[in-house]
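Input: a single structure, listed below in structure tokens.
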Amino acid sequence: MSLKKIRLELARTPDFPDGSSRCGYEFNAPLTRHGLLDATRWQRDKARCTVRRFWQGEDDELGALVHHRSNWLFSYKPGEDDDEPIFRFDKHRFKVGEYVSVTEHDGVQRPFRVVAVTPAA
């Protein structure tokens with residue numbers, strides 16, 4: 001089990017038919033040896049589990065990976081107004097080529113592709 005830096009990039013959508021490497025997330029998360037999120041290790045290392053949302057034409061947003069009531073989400077400010085839930089994040093294997101869905105601030109669920117999983121600094 002180790003803390004990994006994971007990069008997600010926007011997959012194909014109607015607005016981005018080819019996806020986009022300029023829209024996505026980079027976050028640190030503890031993974032099991034099978035590439036699944038490790039909630040026990042997250043509890044110990046949650047201060048290091050950060051997220052950066054990048055989107056073309058917008059300022060980056062910095063926040064945290066949060067585990068709350070068996071759900072995972074990205075949170076940028078205290079409270080729930082800006083939280084971005086991640087669909088079945090606990091069931092996903094984080095390996096290059098896999099896909100995950102994130103419900104963003106605007107309420108739209110978008111697909112993202114895992115493009116990198118490297119050791120966190």
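Structure values in brief
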| quantity | calculated |
| --- | --- |
| Accessible area (Å², 1.4 Å probe, nearest 10) - residue 3 | 10 |
| With every protein chain in place, the chain: carbon and sulfur % of accessible area (1.4 Å) | 47 |
| Per-selection metrics, the chain (Cα): Rg and Dmax in Å | 13.4, 40 |
| Residue 21 accessible area, assembled protein chains, probe 1.4 Å, Å² | 70 |
| Spacing of the two label points (7 Å from each Cα toward its C-beta) at residue 59 and residue 109, in nm | 3.1 |
| Per residue accessible area in Å² of segment 1-54, where ligands, DNA and RNA are left out and the probe is 1.4 Å | 54 |
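The values are calculated or read from the model by the stated rules, or taken from the named source; none is laboratory data. Given the structure is predicted, the values throughout are model-derived calculations rather than measurements. Positions of Cβ are backbone-derived with ideal geometry, glycine not excepted, and every protein chain shown enters the neighbour counts. Surface areas here come from the heavy atoms of the whole protein model, side chains and all, with no ligands, DNA or RNA. Shrake-Rupley method; radii C 1.70, N 1.55, O 1.52, S 1.80 Å.
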